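Structure first, then comments.
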Amino acid sequence: MTAGIRGYLLAVAAAGILVSLAAALLPKGAMHRTGQFVGSLVLVLAVLSPVAQLDLPDMAKAISRARMEAREAVTGVETGNQEILIALIKEDCETYIWDKAVQMGLDVEVEVTVEDGVTYPYPTGVSITGSVPPAQQAVLSKWIEENLGIPEAQQEWIAM
(Lines give C-alpha, C1' and ligand atoms only; values in the text may rest on other atoms or scores of the structure.)
Protein backbone atom coordinates (compact mmCIF):
# COMPACT_ATOMS: atom_id res chain seq x y z
CA MET A 1 0.00 0.00 0.00
CA THR A 2 1.44 3.39 -0.92
CA ALA A 3 2.30 5.96 1.72
CA GLY A 4 -0.37 8.39 0.45
CA ILE A 5 -3.17 5.85 0.77
CA ARG A 6 -1.89 4.67 4.14
CA GLY A 7 -1.81 8.29 5.42
CA TYR A 8 -5.31 8.93 4.13
CA LEU A 9 -6.72 5.79 5.80
CA LEU A 10 -4.95 6.62 9.07
CA ALA A 11 -6.39 10.16 9.01
CA VAL A 12 -9.93 8.87 8.43
CA ALA A 13 -9.53 6.23 11.16
CA ALA A 14 -8.13 8.80 13.61
CA ALA A 15 -11.02 11.16 12.87
CA GLY A 16 -13.47 8.29 13.47
CA ILE A 17 -11.88 7.38 16.80
CA LEU A 18 -11.82 11.02 17.90
CA VAL A 19 -15.48 11.50 16.99
CA SER A 20 -16.45 8.27 18.81
CA LEU A 21 -14.61 9.30 21.97
CA ALA A 22 -16.18 12.76 21.91
CA ALA A 23 -19.66 11.26 21.43
CA ALA A 24 -19.12 8.87 24.37
CA LEU A 25 -18.05 11.71 26.69
CA LEU A 26 -20.86 14.14 25.85
CA PRO A 27 -23.96 14.16 28.10
CA LYS A 28 -27.24 13.02 26.55
CA GLY A 29 -29.61 15.62 25.12
CA ALA A 30 -29.10 18.64 22.92
CA MET A 31 -25.35 18.73 23.60
CA HIS A 32 -24.99 15.11 22.44
CA ARG A 33 -26.96 15.72 19.22
CA THR A 34 -24.88 18.81 18.46
CA GLY A 35 -21.70 16.86 19.11
CA GLN A 36 -22.85 14.09 16.77
CA PHE A 37 -23.58 16.64 14.05
CA VAL A 38 -20.17 18.28 14.42
CA GLY A 39 -18.53 14.86 14.53
CA SER A 40 -20.28 13.87 11.31
CA LEU A 41 -18.96 17.03 9.64
CA VAL A 42 -15.43 16.21 10.81
CA LEU A 43 -15.72 12.70 9.33
CA VAL A 44 -17.07 14.01 6.03
CA LEU A 45 -14.20 16.51 5.81
CA ALA A 46 -11.67 13.78 6.57
CA VAL A 47 -13.10 11.50 3.88
CA LEU A 48 -13.39 14.26 1.24
CA SER A 49 -10.04 15.96 1.92
CA PRO A 50 -8.32 14.43 -1.16
CA VAL A 51 -10.94 16.05 -3.43
CA ALA A 52 -9.76 19.51 -2.34
CA GLN A 53 -6.26 18.66 -3.52
CA LEU A 54 -7.25 17.79 -7.12
CA ASP A 55 -5.32 19.67 -9.78
CA LEU A 56 -7.12 20.03 -13.15
CA PRO A 57 -3.97 20.10 -15.32
CA ASP A 58 -2.71 16.95 -13.59
CA MET A 59 -6.13 15.38 -14.08
CA ALA A 60 -6.05 16.27 -17.78
CA LYS A 61 -2.61 14.63 -18.08
CA ALA A 62 -3.87 11.50 -16.31
CA ILE A 63 -6.96 11.31 -18.56
CA SER A 64 -4.79 11.72 -21.66
CA ARG A 65 -2.36 9.07 -20.45
CA ALA A 66 -5.22 6.64 -19.70
CA ARG A 67 -6.76 7.20 -23.15
CA MET A 68 -3.44 6.54 -24.88
CA GLU A 69 -2.80 3.41 -22.83
CA ALA A 70 -6.31 2.18 -23.63
CA ARG A 71 -5.79 2.89 -27.33
CA GLU A 72 -2.46 1.05 -27.26
CA ALA A 73 -4.07 -1.90 -25.45
CA VAL A 74 -6.86 -2.15 -28.04
CA THR A 75 -4.71 -1.71 -31.13
CA GLY A 76 -1.65 -3.48 -29.78
CA VAL A 77 0.47 -0.71 -31.30
CA GLU A 78 2.47 1.78 -29.31
CA THR A 79 2.33 5.31 -30.67
CA GLY A 80 5.93 6.40 -30.82
CA ASN A 81 5.68 9.49 -32.97
CA GLN A 82 4.86 12.55 -30.82
CA GLU A 83 3.29 14.44 -33.73
CA ILE A 84 0.88 11.60 -34.49
CA LEU A 85 0.04 11.31 -30.81
CA ILE A 86 -0.73 15.04 -30.58
CA ALA A 87 -2.89 14.89 -33.72
CA LEU A 88 -4.84 11.92 -32.33
CA ILE A 89 -5.49 13.60 -29.00
CA LYS A 90 -6.48 16.85 -30.72
CA GLU A 91 -8.89 15.04 -33.06
CA ASP A 92 -10.41 12.92 -30.28
CA CYS A 93 -11.00 15.94 -28.02
CA GLU A 94 -12.47 18.04 -30.85
CA THR A 95 -14.83 15.21 -31.81
CA TYR A 96 -15.79 14.66 -28.18
CA ILE A 97 -16.68 18.35 -27.67
CA TRP A 98 -18.40 18.63 -31.06
CA ASP A 99 -20.55 15.54 -30.31
CA LYS A 100 -21.63 17.05 -26.99
CA ALA A 101 -22.45 20.37 -28.70
CA VAL A 102 -24.56 18.57 -31.32
CA GLN A 103 -26.42 16.73 -28.53
CA MET A 104 -27.21 20.16 -27.10
CA GLY A 105 -28.50 21.32 -30.49
CA LEU A 106 -25.56 23.63 -31.20
CA ASP A 107 -23.83 24.25 -34.53
CA VAL A 108 -20.22 25.06 -33.68
CA GLU A 109 -16.65 24.63 -34.87
CA VAL A 110 -14.15 23.33 -32.33
CA GLU A 111 -10.37 23.62 -32.22
CA VAL A 112 -8.39 22.14 -29.36
CA THR A 113 -4.81 23.05 -28.47
CA VAL A 114 -2.62 20.26 -27.13
CA GLU A 115 0.47 20.62 -24.92
CA ASP A 116 3.47 19.11 -26.64
CA GLY A 117 6.99 18.63 -25.40
CA VAL A 118 5.78 16.35 -22.60
CA THR A 119 5.72 12.57 -22.30
CA TYR A 120 1.95 12.37 -22.65
CA PRO A 121 0.40 15.27 -24.58
CA TYR A 122 -2.85 16.59 -23.13
CA PRO A 123 -5.45 19.21 -24.12
CA THR A 124 -4.73 22.66 -22.70
CA GLY A 125 -7.22 24.93 -24.45
CA VAL A 126 -10.19 25.07 -26.78
CA SER A 127 -11.62 27.61 -29.19
CA ILE A 128 -15.34 27.28 -29.99
CA THR A 129 -16.84 29.28 -32.83
CA GLY A 130 -20.60 29.62 -33.28
CA SER A 131 -23.77 31.15 -31.91
CA VAL A 132 -24.11 29.73 -28.42
CA PRO A 133 -26.64 31.18 -25.95
CA PRO A 134 -25.06 32.05 -22.56
CA ALA A 135 -26.94 29.33 -20.65
CA GLN A 136 -25.78 26.60 -23.06
CA GLN A 137 -22.27 28.06 -23.12
CA ALA A 138 -22.11 27.74 -19.32
CA VAL A 139 -23.28 24.12 -19.48
CA LEU A 140 -20.85 23.16 -22.25
CA SER A 141 -18.00 25.06 -20.57
CA LYS A 142 -18.54 23.18 -17.31
CA TRP A 143 -18.78 19.88 -19.20
CA ILE A 144 -15.47 20.57 -21.00
CA GLU A 145 -13.77 21.39 -17.70
CA GLU A 146 -15.12 18.29 -15.95
CA ASN A 147 -14.51 15.83 -18.80
CA LEU A 148 -11.33 17.10 -20.44
CA GLY A 149 -9.73 19.12 -17.65
CA ILE A 150 -9.61 22.31 -19.74
CA PRO A 151 -10.35 25.16 -17.30
CA GLU A 152 -12.83 27.88 -18.23
CA ALA A 153 -9.98 30.40 -18.46
CA GLN A 154 -8.51 28.33 -21.33
CA GLN A 155 -11.79 28.21 -23.27
CA GLU A 156 -12.25 30.81 -26.00
CA TRP A 157 -15.80 31.45 -27.25
CA ILE A 158 -16.10 33.23 -30.60
CA ALA A 159 -19.63 34.36 -31.57
CA MET A 160 -20.61 34.27 -35.22
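The values are calculated or read from the model by the stated rules, or taken from the named source; none is laboratory data. If you're wondering where the values come from, they're calculated on a predicted model, not measured in any experiment. When we count neighbours, we look across all protein chains shown, and the Cβ atoms used for this are built from the backbone with ideal geometry, even at glycine. What goes into the accessible areas is simple: the full protein's heavy atoms, side chains included, and nothing from ligands, DNA or RNA. Shrake-Rupley method; radii C 1.70, N 1.55, O 1.52, S 1.80 Å.
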List the residues, sorted by chain then number, that are 5 or more residues from E115 or on another chain and whose placed amide H is less than 5 Å from its amide H. Y122, T124
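Leaving out ligands and nucleic acids, note down the accessible area per residue over the chain with a 1.4 angstrom probe, in whole Å². Working shown, then result.
Details: 10380 Å² over 160 residues.
Counting only protein heavy atoms, the per-residue value for the chain is 65 Å².
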Extension length gain for S127 and V102 (0.36 nm per residue less Cα distance), in nm, is 7.4 nm
List, largest first, the extents of the alpha carbons of the chain along their principal axes, each in whole Å. 65, 41, 25
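For T95 and A159 in one chain, what is 0.36 nm times their gap in residues minus the Cα-Cα distance, to one decimal in nm?
In short, 21.1 nm is gained.
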For K142, which aspartates and glutamates qualify as cross-link partners when the Cα separation must be under 19 Å and same-chain residues fewer than eight apart are set aside? D55, D58, D92, E94, D99, D107, E109, E111, E152, E156
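Got a sec? What order do D58, D92, D107 fall in by accessible area at 1.4 Å, biggest, i.e. largest, first? Kindly include the intermediate steps, with their values, before the conclusion.
On the way: D58 85, D92 55, D107 135 Å².
Ranking D58, D92, D107 by accessible area, largest first, yields D107, D58, D92.
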In whole percent, the fraction of accessible protein surface over the chain that belongs to carbon or sulfur atoms, probe radius 1.4 Å, stands at 62
Select from the chain the helices, each a whole stretch of DSSP H, whose alpha-carbon atoms run 27 Å or more along the helix axis and whose Kyte-Doolittle mean is at least 0.0; answer none if there are none. 3-25, 30-52, 82-103
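Efficiency by 1/(1 + (r/R0)^6): what FRET value for S20 and A135, r their Cβ-Cβ distance, R0 = 35 Å, to the nearest 0.05? Mind dumping the intermediate values first?
Working: r = 47 Å, r/R0 = 1.33.
Plugging the Cβ-Cβ distance into 1/(1 + (r/R0)^6) gives 0.15.
If each DSSP helix of 4+ residues adds -39,500 (n - 2.57) and the sum is divided by the residues in the chain, what number results at 222 nm, nearest 500 deg cm²/dmol?
Details: 5 runs with 103 residues, N = 160.
Computed mean residue ellipticity for the chain: -22500 deg cm²/dmol.
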